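A quick write-up on the structure given underneath.
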Amino acid sequence: MNKQNRDAEYTMGRSESETERLIKQSQLYDDITRRFFLRSGITEGMKVLDVGSGAGDVALTLAEFVGAEGTVIGVDVNLDILETAKARAAEAQFNNIEFIAGDTRTLELPNDFDAIVGRLVLMYMGEPADALKHLVKHLRPGGIVAFQEVEFSPYTAAIHPDTPLMNNLIAWGRTVFQQSGAHVEMGMDLYKTFIAAGLPEPTLHFEAPMGGPEDWHGYGYLENSFRSILPLLEAYEITTADELDVDTLASRIREEVAAVKRPVMLPPHITAHVTLPT
Ligand SMILES: C[S@@+](CC[C@H](N)C(=O)[O-])C[C@H]1O[C@@H](n2cnc3c(N)ncnc32)[C@H](O)[C@@H]1O
């Protein structure tokens, strides 16, 4: 079995600061997810499965879309992070979300979901097409399949602002995900994953948050992301803590991009959705 057939080691690690980073990440990518749910047809009254809920951001957004008459079931293998998700749902006073700990590929789940949704989760599964094929069995006829995944292809369009530190970070980031066994082109691979899972051709979109140069919370997000992957960056000998100097990273990126007056592009996300025949 090669590395791509196995589940990835969770590249970002499991810590409180990683949970915090996921929440910040969601703030940057939330617009993309909301537009995605709108065009996928997720609407009031639906019963939706959120695959790999993490700190609960996708489930919280879904709860707004389906309203009080709808239901969201969020599943994650990480029991600890679900405690954060549950607390956030309670704080937001959503009574229509239930979180269940387990692996979505093996967990006993209902078979009458109106939609199955996931963000940044197929990329960590060894066999994403098999996982999707299995998940779709939980969907009612005419149901919706909607997944949003990152794309780390190194084509030039994604290399912005093309400055020395950012170019290093882009290369290091891609390498660490690749070495941990994550699918670094899961976004572009969504098309073939849907087809291999026996689904119709999905509708696809490509979007990326951008910002900078002077004042943008994306700098802090990049710093936190590299804080989360630092243990693996060192373990795989990609770079060292000294070279990364993570505590000054946000300000060094800001200085660099402010000097060239070019925006930073965060890793793009690709969305794929399809409605099954009734
Ligand atoms: C990058 S996080 C994304 C969290 C959330 N979807 C978001 O976008 O904010 C990926 C999550 O998927 C979970 N996960 C990975 N494989 C899973 C599986 N087979 N079943 C359930 N959860 C899984 C991980 O534990 C992690 O919390």
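Where a number appears in this text, it was derived from the coordinates with a stated rule and is not lab data. All values reported here derive from a predicted model rather than from experimental measurement. FYI the Cβ positions are ideal-geometry reconstructions off the backbone, even for glycines, and counts take in every protein chain you see.
Observations
- Checking every one of the chymotrypsin sites (Phe, Trp or Tyr not before Pro) in the range 98-163 against DSSP loop status and a limit of 16 other Cβ atoms within 10 Å picks out Tyr155.
- Per residue Cα convex hull volume in Å³ - calculated over the range 29-162: 130 Å³
- Mean-position separation - Cα centroids, the range 219-278 and the range 33-56, in angstrom: 25 Å
- For the range 57-129 and the range 169-191, distance of Cα centres in Å: 24 Å
- Hydrophobic long helices, here whole DSSP H runs in the chain with Kyte-Doolittle means of at least -1.0 and Cα atoms spread over 24 Å or more along the helix axis, are found at 218-235.
- Secondary structure note: in the chain, about 40% of the DSSP beta bridges are antiparallel.
- Mean Cβ neighbour count within 10 Å, used as a protection proxy, ranking 125-135, 240-250 highest first: 125-135, 240-250
- Note on Lys24: lysines with a C-alpha under 25 Å away, same-chain residues under 8 apart excluded, are Lys86, Lys261.
- Whole-number Å³ per residue for the convex hull built on Cα positions in the range 3-275: 120 Å³
- The order of the peptides 59-72, 84-97 by mean Cβ neighbours within 10 Å, most packed first, is 59-72, 84-97.
- Evaluated at q = 0.14 Å⁻¹, a Debye calculation over the C-alpha positions of the range 202-274 (equal weights, vacuum) places log10 I(q)/I(0) at -0.56.
- Spherically averaged projected area in nm², based on the convex hull that wraps the Cα atoms of the range 2-75: 6.0 nm²
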